[in-house]
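J.: Here you go, one structure.
The values are calculated or read from the model by the stated rules, or taken from the named source; none is laboratory data. It should be emphasised that the depicted structure is a prediction, and the values quoted were computed from it without experimental measurement. Counting neighbours? That spans all protein chains shown, and the Cβs are built from the backbone with ideal geometry, glycine included. These accessible areas exclude ligands, DNA and RNA; they are computed on the full protein's heavy atoms, side chains included. Shrake-Rupley method; radii C 1.70, N 1.55, O 1.52, S 1.80 Å.
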Amino acid sequence: MNNRKMMAEGGNTKKKDPHEHLQYLLDEHEQLLAHMKDLNRWWTELDEHGLPKFGEMGTRVAGFRDLLAKHFEDEEQEGYFKPLMDEEPGFCIMVPDFQKKHAVTLSRFDDFIDRLKQSQPPFKNWSEAMREFDSLMSDIRDHENREIRLVQEAFEKSAGD
């Protein structure tokens, strides 16, 4: 049984170390960042060779969007945050804010993907699409870094109590 499933099902009867959950969150964030780097590298290579492939990029970004949606869903289902909420109940008020931000982010990705996949993409050129892609990736990095900081702060506060 994988860690995520064990955590979601309550695993065994021993109390889980909340820091295991934090480490799992950090590991999944690393996977997201690695996927983002791969997308960026592929996009840059096409740009350097002057070979824009809007539709294929839409498909690749959609794969990342699906991974991101799963990550967001895991966070929102308290899979990562449950032990933290048990230790630091005040943290619960942050979760609805995460949900709203996640929905907005996924909507932005959906719009971008739809435009990339159009038969005549509405971008002036590959560089314009690349700038929007870079903006989306930057926003995701910022969002995930903020989440990590908030979670770490709450863990530190709960450890100090």
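J.: Enumerate the pairs (first residue in the stretch 113-136 and under 13 Å from Pro52 (Cβ atoms) and touching a residue at least 40 places away in the same chain (Cβ under 8 Å); second residue anywhere and open to solvent by 60 Å² or more (accessible area, probe 1.4 Å) and of a type in the set (Ser, Thr, Tyr)) with beta-carbon separation below 9 Å, excluding pairs fewer than 6 apart on the same chain, so at least 6 apart or on different chains.
T.: Going by the 9 Å Cβ cut-off, the qualifying pairs are Leu116/Thr59.
Each row is one residue, and each column tells you yes or no for (1) over 17 Å from Arg108 (Cα atoms); (2) at pLDDT below 75; (3) open to solvent by 30 Å² or more (accessible area, probe 1.4 Å).
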position	(1), (2), (3)
Lys37	yes, no, yes
Thr44	yes, no, yes
Lys53	yes, no, yes
Gly58	no, no, no
Phe64	no, no, no
Lys70	no, no, yes
Glu73	no, no, yes
Phe81	yes, yes, no
Glu87	yes, yes, yes
